[in-house]
Amino acid sequence: MEKQLTGKVYDIQGFSVQDGPGIRTTVFLKGCPLRCPWCHSPESQQFHSQLSWMEMKCAGIDACGKCIEACPRGAISEGKTKKHPTTQENIKHITIDRTLCDNCGACTEVCSYKALYICGTDYTVEELMERLVKDIPFYEESGGGVTVSGGEALSQPEFTLQLLKALKERGIHTALDTTGHANFKFIEQVLPYTDLFLYDLKHMDNDQHKAVIEVGNKLILENALKIAQAGGKMQIRIPVIPNYNDSEENIKKTGEFCKELGDAVTVVQLLPYHNLGVMKYQRIDDSKKVLEAPPPSEEKIASLKKILEDMGLPVTVH
Ligand code: SF4
Ligand code: SF4
């Protein structure tokens with residue numbers, strides 16, 4: 001039997017109101033070529049499924065400890081004793097040796113507290129559509145639809161294309177949330193089935209982009225211009241990161257680029273940095289340097305918004 005195309009999905013969120021117009025269901029695909037230190041979905045970065053552990057939910061070894069027995073590879077053992085942040089009780093925690101773990105999921109099956117789970121599930125387009133069409137009444141009522149997000153959804157190009165096609169066949173409004181860092185041939189394929197691109201612009205200086213995100217911005221800017229030339233619509237998203245891209249100069253340059261994109265830009269969205277993602281890095285034991293900074297002040301955001309508005313651009317803040 002022919003193997004069916006599958007996509008690796010790490011979350012499906014209904015009733016989303018920040019990922020495009022109306023009420024939407026957002027599908028998050030795993031895998032991303034960028035490494036933004038402020039990423040609030042670190043579980044989205046790797047392409048493979050990963051074991052996640054939520055410390056807050058774990059009952060600890062004395063009260064439970066079932067996962068230690070369940071692991072066939074001996075990857076789970078006794079860890080540190082820590083105070084639970086809410087109950088203040090001392091909890092003897094587990095520790096996971098990621099070099100031994102092969103993400104088999106056996107431990108998740110015995111964890112009745114749902115502290116352990118596998119992040120990343122394979123879906124066929126049909127399986128996903130079965131879930132997504134359930135929300136059609138909400139899309140119709142609100143002018144919403146489905147947003148395909150990530151990670152970088154264009155890193156699973158064939159699956160994303162087939163999913164967008166299937167959504168359009170059902171008359172559902174589609175948005176594609178993208179970093180823009182993808183081969184344009186994939187963007188060209190999805191263009192006829194994408195009503196709106198949610199398109200990130202992080203920094204206008206190529207060196208700064210590369211130094212912090214690990215890839216330059218050339219391809220991203222080129223692709224944005226090509227989408228505009230091809231008649232695509234874009235909601236430009238600017239994550240506002242303190243002391244990185246929040247200078248007047250960078251915001252002005254970003255605004256000038258948006259003007260170049262002309263009618264393709266439906267709105268420019270400022271996304272103030274928040275540090276809610278920091279905890280998530282612990283869940284997957286990602287010890288890489290994560291940005292921990294205070295969020296930008298309301299005054300700062302208002303001043304950046306004004307710069308863009310004075311350039312004649314429609315701006316929202318979320
Ligand atoms: S099975 Fe779940 S709740 Fe029990 S110790 Fe393991 S992670 Fe914690
Ligand atoms: S996912 Fe499998 S290998 Fe990894 S800790 Fe759990 S049971 Fe062990």
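The values are calculated or read from the model by the stated rules, or taken from the named source; none is laboratory data. The structure displayed is predicted, hence computed values, not measured ones. Neighbour counts are summed over all protein chains in view; Cβ atoms, including those assigned to glycine, are modelled from backbone coordinates with ideal geometry. The protein model used for the area step is the full one, side chains on, heavy atoms only, and it has no ligands, DNA or RNA in it. Shrake-Rupley method; radii C 1.70, N 1.55, O 1.52, S 1.80 Å.
Tabulated values for the structure
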{"read-out": "Answer from Gly105, Gly79, Gly144 - the residue that is over 20 Å from Phe15 (Cβ atoms) and at pLDDT 95 or above", "value": "Gly105"}
{"read-out": "Count of residues meeting criterion [open to solvent by 60 Å² or more (accessible area, probe 1.4 Å), polar (S, T, N, Q) and closer than 20 Å to Asn183 by Cβ] in the stretch 203-232", "value": "2"}
{"read-out": "Matching option when the condition is out of contact with any helix residue (DSSP H, G or I) (no Cβ under 7 Å at 6 or more places or on another chain) and among the hydrophobic types (A, V, I, L, M, F, W, C), among Val268, Val212", "value": "Val212"}
{"read-out": "Test: residue in the stretch 95-106 that is outside any loop (DSSP other than H, G, I, E, B), more than 10 Å from ligand 2 (Cβ to nearest atom), open to solvent by 50 Å² or more (accessible area, probe 1.4 Å) and over 21 Å from Tyr281 (Cβ atoms)", "value": "no"}
{"read-out": "Residues (surrounded by 22 or more Cβ atoms within 10 Å (Cβ to Cβ) and closer than 13 Å to Pro192 by Cα) located in the stretch 145-171", "value": "Thr160, Leu163, Leu164, Leu167"}
{"read-out": "Residue list for the stretch 26-62, filter: in contact with a Phe, Trp or Tyr (Cβ under 8 Å, 6 or more places away or on another chain), away from ligand 1 (no atom under 16 Å from the Cβ) and farther than 11 Å from Gly150 by Cα", "value": "Trp38"}
{"read-out": "Residue in the stretch 69-77 that is open to solvent by less than 20 Å² (accessible area, probe 1.4 Å) and more than 9 Å from ligand 2 (Cβ to nearest atom) present", "value": "no"}
{"read-out": "Residue match in the stretch 81-91 (condition: within 11 Å of ligand 2 (Cβ to nearest atom), of a type in the set (Val, Ile, Thr) and open to solvent by 30 Å² or more (accessible area, probe 1.4 Å))", "value": "no"}
{"read-out": "Members of the stretch 86-130 that are small (Gly, Ala, Ser) and away from ligand 1 (no atom under 14 Å from the Cβ)", "value": "Gly120"}
{"read-out": "Among (1) in a loop (DSSP other than H, G, I, E, B); (2) under 18 Å from Asp177 (Cα atoms), the one test that Gln235 misses", "value": "(1)"}
{"read-out": "Check on Leu51, over 23 Å from Leu167 (Cβ atoms), in contact with a Ser or Thr (Cβ under 9 Å, 6 or more places away or on another chain) and buried (at least 22 other Cβ atoms within 10 Å of the Cβ)", "value": "yes"}
{"read-out": "Enumerated helices (runs of 4 or more DSSP H) restricted to the stretch 139-219, each holding at least 2 residues that are aliphatic (A, V, I, L, M) and touching a residue at least 40 places away in the same chain (Cβ under 8 Å)", "value": "157-169, 206-213"}
